[in-house]
Amino acid sequence: VLLEIPGSFFVFWLILAFPSGRLDAAGRAVVAFAGAVLIVGCLPGIFLASSLTKAEPLARCDAACPANPLQIGDHPSLATLFGHVDALGHVIVYALILTVLATRFSRASRPRRRLLGPVYLFSTLLLVASGVYLIAVNLLDAAPGASAPAGFALTSASILFPFGFVAAIMLAYAYVGAALGAMVRELGVDPSVTGIERVVRQTLDDPRAQLAFWLPRARRYVDRHGRSVLLEEEHTSTWRSVEQTEGEATLAIVHDAALDEDPELIEAVGAETVLALENRRLQQDLLDSIAALSASRKRLAAVAAAERRKIERDLHDSAQQMLIAVRIQLELTRGQAEPESKLERQLERIGGDLDR
């Protein structure tokens, strides 16, 4: 019975501190209020009750409860009053915890909701079942038969409660597998840097995720547009370097801070991103080589055409003029030969060959 007190505080801390393990201001306030309920209602009831029984339905002893060795006074009515104060205080604590969980979930980003969802669901079942059972047994003094359904619900919720954390882990691994499969398919459709960044955002379920590229010479990170990116740890976002080259990061992913609780997903997405960027670089190198080869062929064709035109000009400007001059000289020589002579006929044949 006494161990139930620190056990309850451990459950409160476990729910309110998930997933970071640290209580925020609202969590500390709720735990402090639970401590006040312990001091005002629970401890006085323990010292004044003639017998002690646990609140859980499977541990009820009813009329067969053993004597309370911690009893310091015999005041049944006062013990009942403090018991009611303790039950009402616990119900208020449950309501406060549910309010904190609802507020956190409504304000959380999509990655954090995916992480909190299973734990908050099973925690809500436990808190609601506990509150209903306390109201039925301690405040309404329901008979064991009438409170049996509420007790069965509380027992089931208590058994299921740890599985919320197991479900969160399994869901995280399942999401990693499904997300990476979709990422590989999407990267094959649009391998551009813009497309890769869009796929990273879809895979991380983080619309604000951003790729930052390291420039060794400038010693700074830039985005896909070449603008400087300042990697600073914030309350809502953080970053993780993906690849190391000679001790220096070449790429960083700026993402929602909630994804720090899922480092396997970040590392897997980073590896896929580096692979996609490397494939894009190789593809771009191949396209550049093809373009350079095509340009080289065009330059060779242009040079050949220019050489042909040069030869054509040389033939027209030099050899052709010389041939015309020789033909004229030949005609002048033929005019000096005797008509119908052997020399005249031979010069005529030479003139025809020259014309051809």
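When LEU96 is tested against (1) open to solvent by less than 50 Å² (accessible area, probe 1.4 Å); (2) touching a residue at least 40 places away in the same chain (Cβ under 8 Å), exactly one condition is not met: (1). Contact map, the stretch 303-327: first residue closer than 22 Å to LEU347 by Cβ, second residue assigned to a helix (DSSP H, G or I) and open to solvent by 80 Å² or more (accessible area, probe 1.4 Å), Cβ cut-off under 8 Å, separation 6 or more or different chains; pairs are ARG327/ASP355.
For ALA17, the conditions (1) among the hydrophobic types (A, V, I, L, M, F, W, C); (2) open to solvent by 70 Å² or more (accessible area, probe 1.4 Å); (3) under 25 Å from ALA129 (Cβ atoms); (4) free of Cβ contacts under 8 Å to residues at least 60 places away in the same chain are fulfilled apart from (2).
Which condition does SER77 not pass, out of (1) modelled with pLDDT of 75 or more; (2) of a type in the set (Ser, Thr, Tyr); (3) within 14 Å of VAL137 (Cβ to Cβ), if it passes all the others? Answer for SER77: the failing condition is (3).
Each residue in the stretch 99-131 was checked for being open to solvent by 10 Å² or more (accessible area, probe 1.4 Å), over 16 Å from PRO162 (Cβ atoms) and among the hydrophobic types (A, V, I, L, M, F, W, C), and 6 pass. Within the stretch 263-278, the set of residues being open to solvent by less than 40 Å² (accessible area, probe 1.4 Å) and over 10 Å from the mean Cα position of the chain (by Cα) comprises THR273, VAL274, ALA276, LEU277.
Restricting to the stretch 146-162, and then to whatever is open to solvent by 60 Å² or more (accessible area, probe 1.4 Å) and not hydrophobic (A, V, I, L, M, F, W, C), can you tell me which residue is modelled with the lowest pLDDT? Among those residues, the one meeting the criterion is PRO149.
Does the stretch 71-90 contain any residue that is surrounded by 14 or more Cβ atoms within 10 Å (Cβ to Cβ) and not in a helix (DSSP H, G or I)? Spell out the reasoning first.
Taking the stretch 71-90 first, the residues surrounded by 14 or more Cβ atoms within 10 Å (Cβ to Cβ) are 71, 75, 78-90.
After this cut, where a residue has to be not in a helix (DSSP H, G or I) as well, the list is 71, 75.
Yes: the stretch 71-90 contains one or more residues that are surrounded by 14 or more Cβ atoms within 10 Å (Cβ to Cβ) and not in a helix (DSSP H, G or I).
Among the residues making up the stretch 198-220, a single one is touching a residue at least 60 places away in the same chain (Cβ under 8 Å), outside any helix (DSSP H, G or I) and hydrophobic (A, V, I, L, M, F, W, C): LEU211.
Confirm whether ALA32 is open to solvent by less than 30 Å² (accessible area, probe 1.4 Å), more than 24 Å from SER156 (Cβ to Cβ) and either within 51 Å of the chain's Cα centre (by Cα) or of a type in the set (Phe, Trp, Tyr) (or both).
Details: open to solvent by less than 30 Å² (accessible area, probe 1.4 Å): no; more than 24 Å from SER156 (Cβ to Cβ): yes; either within 51 Å of the chain's Cα centre (by Cα) or of a type in the set (Phe, Trp, Tyr) (or both): yes.
The answer is no for ALA32.
The number of residues in the stretch 107-145 that are of a type in the set (S, T, N, Q) and modelled with pLDDT of 85 or more comes to 3.
Among the residues of the stretch 190-205, is any modelled with pLDDT of 85 or more and open to solvent by less than 60 Å² (accessible area, probe 1.4 Å)?
If we filter the stretch 190-205 for residues that are modelled with pLDDT of 85 or more, which is where we start, we get none.
Checked against the condition, which is being modelled with pLDDT of 85 or more and open to solvent by less than 60 Å² (accessible area, probe 1.4 Å), the stretch 190-205 yields no hits at all.
The values are calculated or read from the model by the stated rules, or taken from the named source; none is laboratory data. As the structure is a computational prediction, the values presented were derived from the model and not from experiment. Reconstructed Cβ throughout: ideal geometry from the backbone, glycine too, with neighbour counts over all protein chains shown. What goes into the accessible areas is simple: the full protein's heavy atoms, side chains included, and nothing from ligands, DNA or RNA. Shrake-Rupley method; radii C 1.70, N 1.55, O 1.52, S 1.80 Å.
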